[in-house]
Amino acid sequence: MTAQPLTFCVGSCADLRDDEAESIFLRAAEEEKAFFVWLGDNLYFNKEDWQNDESMRRAYDKRFATQPVQNLLHSSRQLAIYDDHDFGPNDADSSFEGRRYSARVFGEFWLETPTQVDRYGDIRWAERYGSVLMIGLDDRYHRGPLGTQILGKGQMNWLSQTLSEHADASIVFIAIGSQVLNDAEVFENYSRFPQEREALLSLCARAGMPVVFLTGDRHHGEISQKNVDGVILTEITASPLTSTTHSPSKEELKANKSLLKNTVLSEGHFAKLHWDGQANLSVAFITKEGETKVNKTLKLLPL
């Protein structure tokens, strides 16, 4: 299959704000793109919201009713995953009693996202755009206590099968709520689940194509690359859209050996990605004012 270029945008952490922060959605709507990927915490449930499916639907309706968001929703195809705040309580995992409500309501709202909730229970999905494979993973439905699992055996096996079925793809982008390549064992990073993380990285290193993780959650943006078995894996963290910002600590920056220099942005933004169809991925972090604060072109080839 001939590899075709692809341009799309991503973002996460979109707390409902009654101020100019919402204008970032107008900016994202104006960008030329094939689609926009929502990387979780697309809204922030409170205790009243996560009680049942009807209260969750009302929360979705309220958050996505603002005119700036509506402009973005109608500007292109919309793909999405969720994370803890649009799944349930803060740091929620598989013990959350309302997890089936969360997955079902998510599938109902994000109609352009090819979930199969009735089949899998969770919100995993995969879709091809020419030679580009897009995958969304569920980092909440099967998550256990720290040190156990995030995806679970069934979803890991599905990911392995999906990568094998699309071995002819020129690149794969994997959207998942929690950071994957960040080496610092902080917050809910995958580094705090070392056994499954090692299995995930090994699986992706064997994929036979460049692998790029798309993550949010952290309320700052950054770009990471990690050498796994002689293969470069890449991660684009784009967060937040409208929520408050939090800079990584000095200790985290020191521990995160995968972080690329001069790529941390502690300001509201979304990311615009352009895959040239060959070996180059351009990444720009864009603010609500339209300023590009981080601009990198990455060569996605084995070392």
Original post:
Which aspartates and glutamates have a Cα less than 19 Å from the Cα of residue 47, not counting those fewer than 8 places away in the same chain?
Top reply: 15, 61, 83, 84, 86, 91, 93, 97
**OP:** Calculate, for the range 1-96, the solvent-accessible area per residue in square angstrom, rolling a 1.4 angstrom probe over the heavy atoms of the protein chains.
**Re:** 43
Subject >> Descending semi-axes in Å of the range 1-138, equivalent ellipsoid built from Cα gyration tensor >> reply: 25, 20, 11
Original post:
If you count, for each residue, the other Cβ atoms within 10 Å and average over each peptide, how do 284-294, 214-224 line up from highest to lowest?
Top reply: 214-224, 284-294
Subject >> Fraction of accessible area attributable to carbon and sulfur, the chain (%, probe 1.4 Å) >> reply: 46
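Please report the antiparallel percentage of the DSSP beta bridges confined to the chain, to the nearest 5. Please list the in-between numbers first.
Numbers: 32 of 54 bridges.
Around 60 percent of the beta bridges assigned by DSSP in the chain are antiparallel ones.
In nm, what is the difference between 0.36 nm times the number of residues separating residue 119 and residue 148 and their Cα-Cα distance?
Numbers: separation 29, 0.36 × 29 = 10.44 nm, distance 2.43 nm.
Contour length minus Cα-Cα distance gives 8.0 nm.
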Original post:
What dipole magnitude, in Debye to the nearest 20, does the chain give about its Cα centre under +1 on Lys/Arg Cβ and -1 on Asp/Glu Cβ?
Top reply: 680
Original post:
Lys/Arg Cβ at +1, Asp/Glu Cβ at -1, dipole of the range 92-160 taken about the Cα centre: which of 158, 96, 110 is farthest positive-ward?
Top reply: 158
Original post:
Between residue 301 and residue 19, what length in nm is gained on full extension when 0.36 nm per residue of separation is reduced by their alpha carbon distance?
Top reply: 97.3 nm
**OP:** At 1.4 Å probe size, with every protein chain present, just tell me what the per residue accessible area of the range 148-301 comes to in Å².
**Re:** 39
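Count neighbours as other Cβ atoms within 10 Å of each site's Cβ, and list the GluC sites (Glu not before Pro) in the range 27-121 that are DSSP loop with at most 16 such neighbours.
Working: sites: 30, 31, 32, 48, 54, 97, 108, 112; in loops: 31, 32, 48, 97, 112.
Those satisfying the criteria are 32, 48, 97, 112.
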Subject >> Most positive-pole-ward Cα, 269, 23, 50, against dipole of the chain from beta carbon charges >> reply: 269
**OP:** Note the full-extension length gain between residue 74 and residue 164 as 0.36 nm times their separation in residues minus their Cα-Cα distance, in nm to one decimal.
**Re:** 29.0 nm
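What percent antiparallel are the DSSP beta bridges of the range 174-252, to the nearest 5? Present the calculation step by step, with values, prior to reporting the outcome.
Details: 7 of 14 bridges.
That works out to approximately 50 percent antiparallel.
The values are calculated or read from the model by the stated rules, or taken from the named source; none is laboratory data. Being a predicted model, the structure only gives us computed values, none of them experimental. For neighbour counting, all protein chains shown are included, and Cβ atoms are generated from backbone atoms with ideal geometry for every residue, glycine included. Surface accessibility is based on the protein's heavy atoms, side chains included, excluding ligands, DNA and RNA. Shrake-Rupley method; radii C 1.70, N 1.55, O 1.52, S 1.80 Å.
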